[in-house]
Each structure stands twice: as C-alpha cells, then as structure tokens.
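Read through the structure below, which is laid out as structure tokens, and then see the notes.
Each reported figure results from applying straightforward, stated rules to the coordinates on display, with no laboratory input. The structure displayed is predicted, hence computed values, not measured ones. Cβ placement follows ideal geometry from the backbone for every residue including glycine, while neighbour counts extend to all protein chains displayed.
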Amino acid sequence: MKTEMAAIEIRNLTYKYQNAEAPVLQNLNLTIEKGEFALVFGPSGCGKTTLCRCLNGLIPHFYGGELEGEIFVDGLNVRETPPAKLASHVGLIFQNPENQLFSFNVERDVAFGLENLGVPPEEIRKRVDWSLELVGISDLKDRAPWELSGGQQQKAAIACVLAMQPSILVFDEPTSFLDPLTARGIFDVIARLRRELNLTVIVVEHRLEALAAHASRLILMDRGKIVLNGEPRKILAEAAERLSLKVGVPSIVLLHRRLSKLGILKDLTPLTTSEMAAQLRGVLTRD
Amino acid sequence: MIKLENVGYVYPGGVKALRGVSLTIGEKGSLAIMGRSGAGKTTLIKHLNGLLKPTSGKVTVDGVDTRKATVAQLSRKVGIVFQNPDHQLFAETVEEEIAFPLKNFGFPQDEIKTRTEWVLELFNLTRYRHHSPLSLSGGEKKRVAMASVVSWKPKYLVLDEPTLGQDRENKLRLRELFEEFMGEGRTIIMVTHDVEFTAECGFNVALLVDGKVSALGSAQEILSNVELLKEASLAAPQMAELFLELEGVGAQPVFTVEEAERLILSRLMAGAEKP
C-alpha cells in the first residue's frame, strides 16, 4: 500500500539491538516532508547511525532486534517492505565506504545495484557514467576499490547509491573520509541533486559549518531521542546557548551569540562566514 | 626523533605514493600531517613503525633504521592508530581489546588493570567495557582503537584522523591527553583534515601534496595561508575565513572565538574613542 504522505514518517519508534541491554532509540517521532534537506547531528553514540539503518530497512530486516512503533518511508511501511524494494526508494551511504564496495573495479560496483534491478545495459552504462561524473571520479572507473584512498572510496560509494536514483538519500557522515574542500564539493552536489531532482535528503554530519547553509532543517539527537528539531538558525542558536560542549557548534555561531549578548549584533544567527562578515562590517563601519 | 630522509615509496602496483619526503619529527613539538585524499598521508605514517620500508631514502626512529628493526620492536616506541578501526579491532570485549597489547608488551597484571581503567575512563568507554567492540558506533570504535594504543604510552603516538566521528567533549579530552603526553616528552603525530582541531592543538603542520611535503610550519603560518591550503584541498578554520573576508580587521590570523571576540571589541572601543 502506498499512500500520499511525508517522505519519512516515524511514530513512537523504540529500538533495541539483539542482545543489547538498553534501547538505542527511545520513543522517537519524526516527520520529514518531501524535498526537505534535514541535517541530523548529536554526540557520539546517540543513535544517529541506528536511525539511518531504520530508514532503508537494514533495521529490522538485517539486524533483527526489538522494534516498536512505525516507520514509513516514501509511503512504504519499512517493517513490511523487503529491503530490495526499499532500495529504489531510499539510498543509504554509510560512514565507512569499505562496507559498501566489494567488486574488482569501481564501475562494476556502481553497476551492481542496477544489474540486480534488471535495468537494461544501455541505461546502466548511462547511469554509471552519470554518477561517476557527478562525484568526480570518472577517471577511476577501472580501478579496484582497495587501490583508492579513503576519500576516493567514499565517492565511489556515493556514486553506487546515486546510480539507483532513489527519491530519498540518507547519508551517514558521508564526508568522514574526505578532505574539507572535497567534502564541500560533495555537499554542493547533494544540494544540487536535491534541488534539480526534487530529492529528499537526510544527512548525519558533525561538520555543521560546511552543511548548515544547505539544510532546510536541523535535528539534534541525544541518547536515542530527538532533542531539537527545526529551522537551522534557530536550532544553531539554541545549541550554542546550552549544548556547545556536547556538539560542535560552528565558531561563527558561537561568536555571534557572544556579540549578541553584549548587544553588539542584533541580526539572526548566521549560517555562513559571508553572512557573519556582513553583520560585523555593519557594526565596525558604523562610526 | 624520527627522521625521514628523502623517502620515496612505490606500491607494488607501480603507484608512486611518496616522492622524496624529508621530515624530522619530535624535535620541535607535535605534528599534524594534512593534505587531500590520496596525497600519501597514510603511506607516510606506515613508514614510522616500519610497516612499510622506503623504496628509496631512509627512515630512522631514535637512530634505528626501520629496515633493521622489526615492527614489533618499533611499535613499543611508535604506536599507530589507523583511520579505520575495523582493521584493528578483534577482541570479544572492549576491555580485552585494550588489555591485549599491554599483555603482549609484558606489563605486570596490576599495571594492565590500572592502565585499562585509565583509558576506559579517558575515552568515555567504561560503560561499554563488556561489550563487543564491533557492536559500537563508528565514533566509539575509533575511541576503542585509540585507547588500545594510548594505554602503552608510546613515545610517538601516531593517529590517523583521531577526531573522526568524535563530538565536542571527546575532542576536548583528546586535546588534554595530547598536552599530558607532550608534557611527558612524548610526541603526537596526527593525520587529519580537521583544521579547527589542529589550530586548537597548535601543532606544527606538514602539508603533503602528491607525495611531497609542500609546506612545513606552525599552525598559525600554514592554516592562514589560503593558497597553500587550497593546494592541499583544505579550508582555513572558520574564524580565519571570517577575518579574511573582513579584510583589514586584525593583522594576525585569528583562529578561536575568544581571539575574534577580543579583536572585535578592541576595534569597537578604538572607534568609540575617536573624537
């Protein structure tokens, strides 16, 4: 059954891994509308990765464990939908690209999912080239994954998922293995894909400074729960106010908060250095 | 001191990963090795404990040529934590994982216990001591891998992307550990893309570009040089970027929120004093 509903709809989700003592996710509720760009952050071990696994059906279909509540992704009930079917609706890019690559060359890895779906060879070739081009590794298509650096591997893993052209992309710290400028390039690609193809994007990331400006929503998790959820400027200001020891709040946000408290700055929390620079210029050249 | 003299390394497949690296580590403080993916950073640190022997040139650890010592001998002095913890973890529980190298190095039983407790606490892992390392999150696994090397207090602690998946609190703890180790005369060598953390730590920075050291200097010098950083696919710390945009405000590079606040306040006060 597929009904017209939000891209992601999670109701009262509690999840405990097999043999674990305590649940990792506790009574979690979350709705993400189609076309949103949600950025999920939170302290190490707060359940971010577990949440990602719930979205493409790895939980409960692969991990087992005890799942309560309901998860709908693209209108499909995750608990009742086989992961193979979910794969053309939602694509997950893992923290560690080595878990996603297994073939003898990059091109084959990217083609693998499409071959499994029975996509015609001509179309496969087109989509493989397209996704490799997007992440900037067309020149590596004949290389073996183990010959690649960590960053190149993660790009290959992203290409694998892009090739499936799902309507929802879930990234679990996709730039952990990338250098900052390459990471920015990937974030730009993700943002562009979302705009052009009207995708829904969910990214788990610690490096807020690179991504906050792209996001339509920030979600802060702690101990298996969602503790803040809303418009990026508002959430960053709140995180700076009371959680800056727990999560890495971008330094422009911390500076903005300090200067606002002193009555020097009066505008909204900045998302980019350019926004912050403009605010400061206004103050410094006022005399 | 670890000395790399004109080190070249060619992988069996023919890929030239290092093209003449010369570096002296441990003489003047700790070192961050930075550069784009594929620049040769991981290949370089594999030379520090003899896992890889240079194809050309020479690596010596406190005067010992790495070609003439075993990895086991060198490891007591040079402890390396690689980027991907999955390559390192194997024990049934976190506690056993941490105790294993200590047993191997022949530490007495009570010392093993003390040190295990110390690193469990240090890396925020006490509550997972009886868990399987493989059941943990990415960031937690990384901390187990670090704990199991920090425990034997190597003279040279080499960390590949130590802040990967770590939250603010764990980064602060890591920085405190670095300070403690350096106070005891140890040297930290970290491979990292984390410019903010490197600036906070105040390490020297070696930029690696295409298997060569393209620049070597203090964090202040290197992390404020946009041209150099670009070549290594890095971005300046956010505060430095901000002040680059605010051309003319402050002569020195600014890295921390505190420095930035002081600078802006002093500018405003100077402005207010004008007649």
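Only helices enter the 222 nm calculation for chain B: every DSSP H run of n ≥ 4 contributes -39,500 (n - 2.57), and dividing by all residues gives -11500 deg cm²/dmol, rounded to 500.
By the count of neighbouring beta-carbon atoms within 10 Å, fewest first, A:106, B:81 end up ordered B:81, A:106. Semi-axis lengths, largest first, of the ellipsoid equivalent to the range A:207-277 are 20, 14, 10 Å, with √(5λ) applied to each eigenvalue of the Cα gyration tensor.
Per-residue Karplus couplings for the range A:155-162, computed as 6.51 cos²θ - 1.76 cosθ + 1.60 with θ equal to phi - 60°, are listed in order as 5, 4, 5, 5, 4, 4, 6, 4 Hz, Gly and Pro entered as x.
In whole percent, what relative contact order does the range A:59-167 give with Cα contacts below 8 Å and a gap of six or more residues? Once normalised by length, the contact order is 33 percent.
Counting charges near residue A:216 (Lys, Arg +1; Asp, Glu -1) among other residues having Cβ under 15 Å from its Cβ returns a value of +3. Check cross-link reach from residue B:28 to the lysines: straight Cα distance under 22 Å, and skip same-chain residues fewer than eight apart. Cross-link targets: B:3, B:41, B:46, B:58, B:77, B:153, B:155, B:212. For the pair residue B:127 and residue B:73 in one chain, pulling the backbone fully straight at 0.36 nm per residue adds 16.1 nm over the alpha carbon distance. In the range A:139-287, taking the dipole from charged Cβ atoms about the Cα centre, the farthest positive-side position among A:280, A:154, A:215 is held by A:280. Between the C-alpha center of the range A:1-62 and that of the range A:265-285 there is a gap of 36 Å. Taken residue by residue and averaged, Cβ atoms of other chains lying within 10 Å of the Cβ of B:229-242 number 5.
Classification of chain A by its C-alpha gyration tensor yields an oblate form. The axis ratio a/c (a ≥ b ≥ c) is 1.5 or more, and b/c is at least a/b. Determine, from the Cβ-Cβ distance of residue B:269 and residue A:261 and an R0 of 25 Å, the FRET efficiency 1/(1 + (r/R0)^6), rounded to the nearest 0.05. Calculated transfer efficiency: 0.90. Under the convention that each Lys and Arg Cβ holds +1 and each Asp and Glu Cβ holds -1, the size of the dipole of the range B:158-264 around its Cα centre is about 200 debye. Taking the longest Cα principal axis of chain A as reference, the axis of helix A:273-284 is set at about 10 degrees. Measuring r between the beta carbons of residue B:172 and residue A:123 and using R0 = 35 Å, the FRET efficiency lands at 0.10.
Only Lys, Arg, Asp and Glu carry charge here, each on its Cβ (+1 for the first two, -1 for the last two); on that basis the range A:166-287 has a dipole of about 400 debye about its Cα centre.
Per-residue ellipticity at 222 nm from helix content only, as computed over chain A with -39500 (n - 2.57) for each DSSP H run of at least four residues, stands at -11500 deg cm²/dmol. Averaging the sequence gap over all C-alpha pairs within less than 8 Å and six or more residues apart, then dividing by the number of residues, gives chain B a relative contact order of 21 percent. Between residue B:30 and B:188, B:204, the built amide H atoms are under 5 Å apart, and every one of these is 5 or more places off in sequence or on another chain. Taking a ≥ b ≥ c as the square roots of the eigenvalues of the Cα gyration tensor of the range B:1-45, is the shape rounded (a/c under 1.5), prolate (a/b larger than b/c) or oblate? Here the range B:1-45 falls in the oblate category.
Only one residue of B:106, B:75, B:30 has its Cα farthest out toward the positive end of the dipole of the range B:28-111, where Lys and Arg carry +1 and Asp and Glu -1 on Cβ, and that residue is B:30. Residue B:53: which aspartates and glutamates have alpha carbons under 13 Å from its alpha carbon, excluding same-chain residues fewer than 8 sequence positions away? Filter leaves B:5, B:65. Taking R0 as 25 Å, what FRET efficiency do you get between residue A:278 and residue B:230 from their Cβ-Cβ distance, rounded to the nearest 0.05? Once rounded, the FRET efficiency stands at 0.60. Among A:67, B:159, sorting on how many other beta-carbon atoms sit within 10 Å of each Cβ, with the fewest leading, yields A:67, B:159.
With chain B treated as a Gaussian network of Cα nodes joined by springs under 10 Å, which of B:247, B:111, B:161 yields the largest mean-square fluctuation? Looking only at B:247, B:111, B:161, the biggest GNM fluctuation is shown by B:247.
When +1 charges are put on Lys and Arg Cβ atoms and -1 charges on Asp and Glu Cβ atoms, the dipole computed for the protein assembly as shown relative to its Cα centre reaches about 600 debye. Highest GNM mean-square fluctuation among B:43, B:55, B:66, for chain B modelled with Cα contacts below 10 Å: B:55. Taking a straight Cα-Cα cut-off under 21 Å and skipping sequence neighbours fewer than 8 places away in the same chain, the lysines within cross-link reach of residue A:16 are A:48, A:225, B:141.
Here the range B:3-55 and the range B:135-189 have alpha carbon centers that stand 21 Å from each other.
Residues B:70, A:14 in ascending order of nearby Cβ atoms (within 10 Å, fewest first): B:70, A:14.
Considering only beta bridges that DSSP places wholly inside the range B:125-255, some 55 percent are antiparallel. Placing pseudo-labels 7 Å out from each Cα toward the beta carbon at residue B:105 and residue A:18 gives an inter-label distance of 3.7 nm.
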